[in-house]
Amino acid sequence: MADLNQVIIGTPSSKHHGVGLWPPPSSDPADPLRWPRWVKFLALIAVANFNFVANFAGAGLSVATVMLEMELQKTPQQINSLLTFNFLLLGLGNLVWIPLSVKYGKRPVMLISTALLFAVLVWTAKAETFAELLAARILSGFASASGESIVPGVVSDIFFLHERGTAMSIYVVLISAGSAVGPLVAGFMVEYSPGAWRDFVWLCAALAGFDLLAIFFLYPESSFSRSHPAVLSPTSESELPPDDAKAIELGPSASNVEDAQDPQVRENEDFVVKFSYRQVVTSFFHVNKSLSLSKAFSMPFVFLPSLIVLWVVFLYGSALASLVILMLAFPSLLIPPPYLFPASSVGLMQIPAIIGFTFATVSGGYVCDLITARMIKRNRGVFVPELRLVSMVPGSFIGPIGCIVVAITCDGKLHWASIAVGYGMVAFNAVYAPNVAVTYLIDCYPAFASEVVVIVNIVKNTIAFVFLYTAVDWVQSKGWIQVYMIMFMIVSLSMVLTIPLYFWGNRTRQLFVRKSPREVKAARL
């Protein structure tokens with residue numbers, strides 16, 4: 001059977017790492033693939049920064065738990081719920097935001113959710129009781145959910161296939177960096193600012209307001225209906241015309257490539273259109289008339305049985321859990337003897353995570369794109385999503401080794417610098433592995449990028465919620481060795497499963513499409 005995602009990339013071009021453009025840009029000036037590169041990256045940064053602000057606000061209060069216990073007269077478990085339920089709604093909120101974005105457009109949903117986050121953060125800063133603060137934290141998690149699944153859809157809308165690794169690394173690192181930078185900044189504000197944690201929340205509200213303006217002025221609606229003429233449909237090889245069957249085995253000829261290009265674009269190699277900011281401020285809705293709202297709400301669940309989706313959920317959830325357990329348990333480890341860290345020093349322990357995120361962004365983004373581009377050229381210009389998985393190899397050992405380092409150093413209460421090394425390695429894996437996995441997932445289901453990422457975010461956030469809710473008690477009752485050796489085994493298993501997926505990922509997609517609704521089959525995945 002032909003590969004459902006096997007596509008003819010195009011004639012080699014040094015301008016694009018020796019790989020032609022896919023999807024081929026159309027002759028329509030409204031095609032977001034034809035936006036200038038600077039417009040694409042400003043739009044991406046504007047919408048991806050929403051995830052940074054959301055996680056900055058969500059994780060920052062982790063260093064203020066002791067202060068909140070005294071101020072609100074609540075137990076550590078009750079204060080912990082301010083963090084865990086915020087995180088849970090960060091996943092479940094996608095069930096509302098993504099169907100609305102698929103039906104009415106990504107831009108209006110991003111503007112509404114960012115405005116809601118700004119308003120809720122103002123409410124959080126003014127909250128006087130525990131119940132009021134908990135309600136505000138839950139609602140802020142709901143408001144924050146939209147960006148986690150919409151941004152991968154934006155990447156699929158505006159970037160070519162060989163650019164998606166770099167673009168997705170920006171998305172993933174901003175999500176993760178918010179969780180690290182938030183506690184770092186909050187640590188100093190809690191210790192030195194007169195308003196303590198409330199001043200930190202006011203800062204978060206200001207950042208949300210700034211990002212609302214950035215999205216309004218920098219992100220035009222990117223939803224666009226396009227056809228994919230070079231995608232091989234799910235049919236048996238015997239049913240294909242002889243020329244198509246030959247393309248499957250040997251790769252594209254020059255005529256194959258030209259047929260995949262829009263004639264008007266092929267005549268003019270400079271496909272980039274002139275851009276006016278009038279296009280940004282005047283674009284608000286992109287109503288999908290071919291899709292009912294009820295169908296939009298049900299479509300994400302269609303992808304739940306996909307083995308590829310389940311693997312991405314498992315990998316992302318395990319990488320995230322290994323990070324958030326340590327992040328949440330840091331105060332109970334570092335504030336008592338022998339470390340006696342003040343809140344500001346606990347916050348400074350996020351610097352190793354930021355360093356890990358930085359290295360993962362470069363190696364998991366641009367370098368992975370180079371690896372994928374080289375694999376495409378070796379495959380005679382024919383791309384299959386499994387080629388993306390080769391990029392997992394260089395960083396696959398760092399996360400598991402980091403779990404071992406954390407287990408030994410935290411259990412033995414070794415020097416804080418050794419703990420920082422393990423934390424940095426775990427943080428590296430929390431960006432590198434999910435970036436490759438989610439980019440691979442988008443390559444597998446490009447027409448449903450937001451829908452498949454919804455399922456990933458809901459399930460992995462629920463998994464992480466369970467770990468978060470039990471993290472401190474689990475570590476205190478069972479010890480660091482047991483907790484992080486279990487995480488070592490889980491993270492290692494998620495990496496090892498990449499191997500069978502590389503060889504049999506195509507077959508799993510074929511099986512999934514056979515049993516999928518007609519909307520999925522019609523999309524010619």
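Which links in LYS413/LYS478; LYS74/LYS126; LYS106/LYS295; LYS103/LYS295; LYS40/LYS377 stretch past 21 Å when you go from one Cα to the other? List each step's numbers first, then the result.
Working: LYS413/LYS478 15 Å; LYS74/LYS126 18 Å; LYS106/LYS295 17 Å; LYS103/LYS295 9 Å; LYS40/LYS377 26 Å.
From the list (LYS413/LYS478; LYS74/LYS126; LYS106/LYS295; LYS103/LYS295; LYS40/LYS377), the Cα-Cα distance tops 21 Å for LYS40/LYS377.
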**Q.** Cα-projected label distance for TRP38 with VAL393, points at 7 Å along beta-carbon direction, nm
**A.** 3.9 nm
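None of the figures in this text is laboratory data; all of them are computed from the coordinates on show. Not measured: the values here are computed from a predicted model. Every residue, glycine among them, receives a Cβ derived from its backbone with ideal geometry; neighbour counts consider all protein chains shown.
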